[in-house]
Structure formats: structure tokens, C-alpha cells
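None of the figures in this text is laboratory data; all of them are computed from the coordinates on show. Quick caveat: nothing in here was measured; it's all calculated off a predicted structure. Ideal geometry is used to build each Cβ from the backbone, glycine not excepted, and the neighbour counts take in all protein chains shown.
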Amino acid sequence: MLPVFRKFSLWHYNIGFFNFERQVMSGNVTVRWMTHPYKDRFFADPFILDVSENEIKVLVEEYLYKDRRGRITLLTINRNTCRLMRRKVLLDLPSHLSFPFIYRTEADIYVIPENSESGKLHAYRYDITEETLHWVSSLVEQPVIDPVIIRNDSTYLLFGSLPGIKEHADLFVWQSAKPLEGYESVNSKPVISGRPDCARRGGDFFTVDGLVYSAVQSCVHSYGEALRLCRVNKLSPSGIEEEETTVLKPDKRYPDGLHTFNRYKDVCVVDGLTFLFRPDLKMLDILKRF
């Protein structure tokens with residue numbers, strides 16, 4: 001990409017889908033990208049809320065360039081054509097929102113979005129009938145980035161990063177006896193340290209043939225340049241041991257990054273990065289920074 005083009009371009013993410021089959025675990029995927037008319041925003045950090053025969057409902061970070069911050073939005077996509085059919089904003093705050101992690105119980109669905117600018121991590125209950133989010137609790141009194149929760153025996157472990165120069169390279173863990181409150185730091189030191197290739201989370205844990213896997217971001221050369229799918233060999237409050245099984249790389253349509261992977265039922269979702277040439281919005285963005 002020409003330096004001048006990049007200089008006057010904006011990050012532009014989109015989400016895409018593919019069915020989960022065995023070849024996914026070897027990195028062999030063909031992404032069907034969502035089609036939509038918007039040039040003033042991007043959609044990233046997708047988590048699948050529900051899947052039916054004809055529709056896929058996804059929670060995403062919707063980032064409006066003019067506002068320079070994200071919000072949590074529900075997208076309804078035609079499963080056959082991947083066309084965006086409807087969008088509804090669920091959570092819009094003065095501070096940036098992203099990575100709407102979904103935690104399910106037998107009775108309810110909860111959403112735990114990244115909101116590190118607020119200095120805390122909050123949980124919201126999702127009302128299926130009204131399609132709304134309602135605040136439930138604060139999980140961590142720290143600005144956690146890209147949080148994911150997994151049950152480990154009788155406790156719950158919350159993994160995430162913290163803002164700063166090592167946010168792509170260090171992973172921290174918090175522990176609680178309950179899934180939606182009372183998380184305490186297990187150790188002030190990271191459980192993964194100095195590893196931009198595998199520290200930052202790229203989606204929820206998932207299982208294949210009874211084994212637990214994780215999605216992690218590779219940020220060695222640039223933020224979210226690719227995704228690693230890893231088998232979790234050991235999980236405890238003192239750490240996590242992961243073994244890479246495959247790497248999902250960007251495709252030609254969105255060649256500049258791939259940094260989220262999630263699976264629900266038989267459908268997988270990812271997000272891809274390209275650059276949108278918008279000198280007007282880029283200059284406005286620069287002016288707002290100062």
C-alpha cells in the first residue's frame with residue numbers, strides 16, 4: 001500500500017462468516033463477508049448471539065469515525081446472502097465500548113463488553129424480548145481489555161489485558177466463586193508476559209471433541225495481524241498453557257488484519273481489516289486529537 005494512501009486512510013473492519021467444519025482447525029476457511037452500505041463506520045469484535053435457518057444475530061463494536069469511539073450494536077444478517085438486514089444500538093456510553101463478550105447461563109444471556117476507558121469491567125443482562133441491555137454488576141475494578149470468562153472446577157477465571165505499552169504482550173487473570181461478580185486479581189504479575197504472539201485474547205473459549213481451545217491475537221508486527229487457534233493444555237488460577245493448532249490469516253479482500261474469532265452452534269464469525277481512503281474524515285480525526 002502506498003504511504004500516501006495509508007496516511008489519508010482509516011481503519012475499516014468488517015465481519016464475515018463460515019460454517020464450522022473439521023478443516024477450520026487446520027486453517028482452511030473461506031470467509032463470506034457481510035455486505036452493508038456504510039462508509040462512515042466499521043463493525044468489529046463480533047460475538048454470535050443467535051443462529052436460525054435464515055438469520056444470524058451478532059453483537060459487535062460499531063465504531064463511528066465522527067465520534068471516535070465504539071458502541072455495542074446488534075446486527076441481524078441474512079444467513080444465505082450475508083447482507084446486513086437490521087442494526088440496533090444496545091449500549092452507547094461517553095466512553096469507548098468494544099469486544100461484547102457473551103456469557104450464557106441456562107436462564108439468561110449476559111454481555112460483558114470492554115469499557116476500559118471507564119476504569120472498570122461491567123456485566124449487562126440481555127433481554128431477548130426487548131432486545132435491550134440492563135446493567136447487572138461490576139466484575140473488576142480495573143480497566144480490563146478483551147475479557148473472556150471460563151469455568152474452572154468450582155471457580156471462574158477471567159482473562160484479559162490491561163492498557164499500556166504491554167497490552168498486546170501481557171495477559172492477566174482474575175478469579176471469583178461467582179461468574180458475574182467479585183473477581184479478584186490472582187497475581188499482580190501477568191500469567192503470560194512479553195508474548196505479543198499469543199497473549200491478547202481474540203475471542204471466547206470453545207470446545208472441539210471435548211477439548212478446550214482458545215482464540216488469541218498475533219500482534220508481533222502490527223495489532224491484530226492474525227489469529228491463532230490454540231488447544232488449552234492447562235488451565236488454573238496460576239496460569240494457562242496453550243499450544244497452537246493453526247493460524248487464521250487475512251484474505252485478499254481484508255488483507256491488513258484478522259483479530260477476532262468466535263463460534264456458536266455450527267457458525268463461525270471473524271473480523272477483517274482493510275483501509276478506507278477518506279481524507280476528509282482522516283483530517284477531522286487528526287483535528288479532534290488536538
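Summary of computed values
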read-out: The chain - mean residue ellipticity at 222 nm from DSSP helices (-39,500 (n - 2.57) per run, n ≥ 4, rounded to 500); value: -1500 deg cm²/dmol
read-out: Relative contact order, percent, the range 1-156 [alpha-carbon distance under 8 Å, six or more residues apart]; value: 14 percent
read-out: Size of charge dipole - the chain - debye, nearest 20, with Cβ of Lys, Arg +1 and Asp, Glu -1, no other charges; value: 1020 debye
read-out: Reachable lysines from K88, criterion Cα separation under 17 angstrom, eight or more residues apart if same chain; value: K57
read-out: Neighbourhood net charge (11 Å Cβ-Cβ; Lys/Arg +1, Asp/Glu -1) for N80; value: +1
read-out: Two-decimal Rg/Rh across the chain, once Rg and the Kirkwood Rh are taken from alpha-carbon atoms; value: 0.94
read-out: Length released on extending from R69 to V208, taking residue separation times 0.36 nm less the Cα-Cα span; value: 46.5 nm
read-out: Rounded if a/c under 1.5, otherwise prolate or oblate - the range 142-209, Cα gyration tensor axes; value: oblate
read-out: Unit charges on C-beta of K, R, D, E only; dipole of the range 131-290, Debye; value: 320 debye
read-out: Using θ = phi - 60° and Karplus 6.51 cos²θ - 1.76 cosθ + 1.60, couplings along the range 182-198 (whole Hz; Gly, Pro as x); value: x, 6, 10, 5, 6, 8, 5, 8, x, 7, 10, 10, x, 10, x, 8, 7
read-out: Neighbour net charge for P250 - beta-carbon separation under 9 angstrom, K R +1, D E -1; value: 0
read-out: Relative contact order (percent, whole number), the range 29-112, Cα cutoff 8 Å, 6+ residue spacing; value: 25 percent
read-out: Cβ-defined net charge surrounding S138, 12 Å radius [Lys, Arg +1; Asp, Glu -1]; value: -1
read-out: Extent along principal axes [Cα atoms of the range 2-90; Å; largest to smallest]; value: 41, 32, 19
read-out: Whole-percent pair-distance distribution, where bins are 5 Å wide, for the alpha carbons of the range 77-117; value: 5, 16, 19, 17, 22, 16, 4, 1
read-out: The range 140-269 shape via C-alpha gyration tensor axes, a/c threshold 1.5; value: oblate
read-out: Three-way shape label, the range 102-187, alpha-carbon gyration tensor, a/c 1.5; value: oblate
read-out: Where labels lie 7 Å past Cα in the beta-carbon direction, separation of T105 and D127 in nm; value: 1.8 nm
read-out: Gained length - H134 relative to K7, 0.36 nm times residue gap less alpha-carbon distance; value: 41.7 nm
